1. Only residues that are surrounded by 14 or more Cβ atoms within 10 Å (Cβ to Cβ) and of a type in the set (Ser, Thr, Tyr): list them for the range 46-84, please.
2. Scan ILE87, ILE94 and give me the residue that is surrounded by 11 or more Cβ atoms within 10 Å (Cβ to Cβ), outside the structural domain of TYR27 (by TED's automatic domain parsing), among the β-branched types (Val, Ile, Thr) and under 22 Å from ARG141 (Cβ atoms).
Amino acid sequence: MLPKSTANKNNDKDSKSIFQENKKMYYFIRGRKFKVRFCQTCNIFRGPTVSHCKKCDNCVENFDHHCPWLGNCIGKKNYFYFFIFLIFCNIFIISNLFSCLALIVVNWKKLNGETLGQKFKKTCKNEYMSIIMIILSLAVRYIYI
């Protein structure tokens, strides 16, 4: 996040007059001309990669999105950690799914002498199905958002 300017509090000018005076501000990077935008909420001039998040009420460099799971903006300084978070979430979901499926297979093999319908009824009554349903609902919710 970029810090908000306190210049508005020190001067008699409001942010709109600052913006109107400096309407055509440009700067050059490697010979290219970039327009500098003014954020009226933060009272700062922001470059082309800076965006304002309405939920956090701050300007964020390389703004990607506001994450509802973390309650934070994803930008330049924390994108790597957000990516690692997503990798660990996927590993957790997949490992839990495979462990629950392994428990069902073990339980299924214990019921050798019964018919297919009886095996299915006993497996559904077992606690493993509830665990799988919880994990699948978490996975669907995670993928949906």
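1. Initial filter on the range 46-84 (surrounded by 14 or more Cβ atoms within 10 Å (Cβ to Cβ)): 46-47, 50-53, 56, 58-61, 63-64, 66-67, 72-76, 78, 82.
Across the range 46-84, the qualifying residue is only SER51.
2. Exactly one of ILE87, ILE94 is surrounded by 11 or more Cβ atoms within 10 Å (Cβ to Cβ), outside the structural domain of TYR27 (by TED's automatic domain parsing), among the β-branched types (Val, Ile, Thr) and under 22 Å from ARG141 (Cβ atoms), namely ILE94.
The values are calculated or read from the model by the stated rules, or taken from the named source; none is laboratory data. As the structure is a computational prediction, the values presented were derived from the model and not from experiment. Using ideal geometry, Cβ is built from the backbone for each residue, glycine included, and neighbour counts are taken over all protein chains shown.
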